[in-house]
Amino acid sequence: MTAFSLEPAQTAWCEELRTLAERQLRPLAEKGDPGHVNRPLIAALGEAGLLDRMLDSGALDLCLLRESLARGCTEAETALALQGLGSHPLVRSGTPALRARWLPEVRAGRAVAAFALSEPGAGSDAAALALKAESETGGDTGAGAAAGADAAAGAGTAAGPDAEPDGRGWRLTGEKCWISNAPEADFYTVFARTAPGTGSRGITAFLVPADRPGLTGAALDMLSPHPIGALEFDGVPVTADDVLGVPDRGFRVAMETLNLFRPSVGAFAVGMARAALDAAVEHTAARTAFGGVLKDLQAVSHQVAEMATRTEAARLLVYAAAAAYDAGEPGVPGRAAMAKLYATETAQYVVDTAVQLHGARALRRGHLLEHLYREVRAPRIYEGASEVQRTIIAKELYASREASA
């Protein structure tokens with residue numbers, strides 16, 4: 001298999017996923033309450049083995065999952081992706097006890113996970129997090145221990161005994177905002193500042209169950225029908241047992257997760273673009289206007305050709321980034337940023353053009369393209385806005401130049 005083609009078995013699997021999404025998952029999605037967690041849909045993903053596959057897959061498999069589900073049912077894709085985003089830090093950095101407690105529930109679709117990184121004043125600039133994790137015993141919260149443990153523990157691994165702050169606890173105080181699955185998740189991967197004034201090097205990742213005292217939240221009414229909310233932390237207690245990875249090195253946990261999921265956000269976008277392209281081809285091949293069929297108008301056929309070309313280019317860029325991640329190749333952050341940037345911007349263009357080709361019928365509530373039009377805008381912002389992706393790409397280019405010089 002290369003980065004530019006799929007094996008027949010992979011293509012067949014993608015079609016099976018699309019059929020599953022259309023026939024079994026979409027009816028469950030339509031019964032859900034927009035803006036809220038759809039637990040029956042998540043349970044169905046677990047019963048179908050898709051959550052299990054998602055947690056054990058590499059980047060390419062994750063992209064194929066997200067693209068195929070998005071093409072058939074965007075709500076199913078989003079439910080699966082949010083479970084992955086919230087639980088991936090647990091898979092990679094959780095202690096054996098935390099993994100044993102939560103991962104079977106996630107795999108079965110019984111527990112809802114959430115990734116709590118963004119804050120009212122720290123969205124794209126994740127290193128500016130202000131949620132405080134204050135030590136209950138005062139003093140240094142573990143930066144020195146973390147520095148010594150990095151070499152032994154490494155990025156994305158559970159901290160050993162030497163890295164724990166001798167059983168000390170913290171109290172989380174502050175806010176999180178734009179958190180998917182909040183406030184209805186069963187647990188949150190929370191990133192908090194344990195070492196003030198140290199930028200990205202003073203952040204610790206915690207697994208916080210939703211029933212911890214002092215943790216409250218509220219849903220936010222968004223343009224897209226995703227479950228998104230805000231969280232308030234009023235002295236929420238956490239201990240060394242709740243730490244994911246190494247104290248004060250939680251930023252690595254966040255970036256590992258985002259580097260994996262950014263290409264797959266592109267795959268989500270490609271799935272929506274392909275659904276919109278399918279609808280445009282079907283409509284323009286049958287719709288008559290001005291004495292003929294729309295597809296026979298050069299202005300229309302050229303637009304469809306452009307939609308198809310951009311969608312295919314986005315798909316290949318996503319696959320290439322995913323294959324690079326799985327192979328452990330250098331430059332993954334830049335490749336992932338390119339994939340997310342181009343695919344999400346392309347999907348916006350393709351969906352918008354499909355709406356234009358359909359005319360007023362596509363603006364009616366309940367039409368596929370009306371739904372996609374509301375869905376497609378968010379991916380250009382979350383998990384790093386397009387402007388952030390351009391910054392990452394440029395930074396990687398200049399770093400490569402300096403290294404070669």
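The values are calculated or read from the model by the stated rules, or taken from the named source; none is laboratory data. Note that this is a predicted model, so its numbers are computed, not measured. Note: ideal-geometry Cβ built from the backbone for every residue, glycine included; neighbour counts use all protein chains shown.
The figures follow:
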{"read-out": "Sole residue being among the aliphatic types (A, V, I, L, M), closer than 24 Å to Glu75 by Cα and over 19 Å from the mean Cα position of the chain (by Cα), chosen from Leu397, Leu357, Leu341, Leu369", "value": "Leu369"}
{"read-out": "Residue check for Glu232: acidic (Asp, Glu), in a strand (DSSP E or B) and closer than 30 Å to Gly35 by Cα", "value": "yes"}
{"read-out": "Qualifying residue in the range 281-291 (condition: free of Cβ contacts under 8 Å to residues at least 12 places away in the same chain and among the charged types (D, E, K, R))", "value": "yes"}
{"read-out": "Options Val208, Val236: the member that is over 26 Å from Ala108 (Cα atoms) and at pLDDT 95 or above", "value": "Val236"}
{"read-out": "Residue identified as surrounded by 24 or more Cβ atoms within 10 Å (Cβ to Cβ), within 20 Å of the chain's Cα centre (by Cα), of a type in the set (Phe, Trp, Tyr) and closer than 30 Å to Ala21 by Cα among Phe191, Phe268", "value": "Phe268"}
{"read-out": "Single match in Arg23, Arg66 (criterion: buried (at least 21 other Cβ atoms within 10 Å of the Cβ), modelled with pLDDT of 95 or more, charged (D, E, K, R) and not in a loop (DSSP other than H, G, I, E, B))", "value": "Arg66"}
{"read-out": "Number of positions in the range 371-383 that are within 22 Å of Glu256 (Cβ to Cβ) and in contact with a Leu (Cβ under 7 Å, 6 or more places away or on another chain)", "value": "1"}
{"read-out": "Residue check for Thr257: surrounded by 21 or more Cβ atoms within 10 Å (Cβ to Cβ) and closer than 30 Å to Val208 by Cβ", "value": "yes"}
{"read-out": "Residue among Ala9, Ala43 that alone is surrounded by fewer than 17 Cβ atoms within 10 Å (Cβ to Cβ), modelled with pLDDT of 95 or more and more than 17 Å from the chain's Cα centre (by Cα)", "value": "Ala43"}
{"read-out": "Single residue of the range 309-337 satisfying the filter (outside any helix (DSSP H, G or I) and either crowded, with 21+ Cβ neighbours inside 10 Å or not acidic (Asp, Glu) (or both)) that is modelled with the highest pLDDT", "value": "Gly328"}
{"read-out": "Test: residue in the range 291-308 that is surrounded by fewer than 24 Cβ atoms within 10 Å (Cβ to Cβ), part of a helix (DSSP H, G or I) and hydroxyl-bearing (Ser, Thr, Tyr)", "value": "yes"}
